[in-house]
Amino acid sequence: MPSPPQPEPIDPATLPDLCRAVIREAKFPMLASLDGDQARVRPVSPVRVDEDSFTVYVANLRSYHKTGEIAANPKVELCYLAPNHDQVRITGVAEILDDRPLLEEIWESNPLLRRYLGSLDNPQLIIYRIVPDRLRFMREWALEYHEVPISGPEN
């Protein structure tokens, strides 16, 4: 029986940059939330990522089922999977963004939001800010996560 692949050792100082690379390559993470006692996961398209703090902003519509899930339990996790199968997991709390200047900046930088929703004041629009309280990286086949220090203005 062949031996399993051996991942290259990782210098802990490179972990934040490895995470940023996965986030850039993966683009569409899976968002996990809870529906009562049942886990739910779905792909999302972040509208902004602050790479220094690993804070992720996700657009949502009030009519989506996950809106109720997050209102009942705002603890969520994002999982990014790069084409080479490296993973980044961001565990945190989803909060509704109410910072009007930041909302306007996100709105102006996202033509799809403008096209589909017409106005930043569309009552269906919610932007969640997910501030990490835990950040982990795993190299493909490594079978172990590396805890990544979180820094930035929010943490």
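Read-outs throughout are calculated quantities, based only on the coordinates presented, and are distinct from any laboratory measurement. Because the structure is a prediction, the values reported are computed rather than measured. Because the Cβ atoms are built from the backbone with ideal geometry, glycine has one as well, and the counts that use them run over all protein chains shown.
Summary table
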item: Structure-based [θ]222 nm, the chain - -39500 (n - 2.57) summed over DSSP H runs of at least 4, per residue, nearest 500; result: -6500 deg cm²/dmol
item: Label-point separation, SER3 to ASP52 (7 Å along Cα→Cβ), nm; result: 4.4 nm
item: Per-pair calculated FRET efficiency, R0 = 22 Å: MET30 and ILE96 via Cβ, rounded to 0.05; result: 0.60
item: Unit charges on C-beta of K, R, D, E only; dipole of region 15-155, Debye; result: 460 debye
item: Sorted peptide list for 28-34, 95-101, criterion being average Cβ within 10 angstrom, highest first; result: 28-34, 95-101
item: Gyration tensor (alpha-carbon) shape descriptor, the chain, a/c threshold 1.5; result: prolate
item: Amide H contacts of THR55 (H built 1.01 Å from N, under 5 Å, at least 5 apart or other chain); result: ASP50
item: Label-reachable residues, region 100-138, where backbone N falls under 19 Å from a point 7 Å from LEU61's Cα toward its Cβ; result: 107, 110-128
item: Residue-count net charge about HIS65 - beta-carbon cut-off 12 Å; Lys, Arg +1, Asp, Glu -1; result: +2
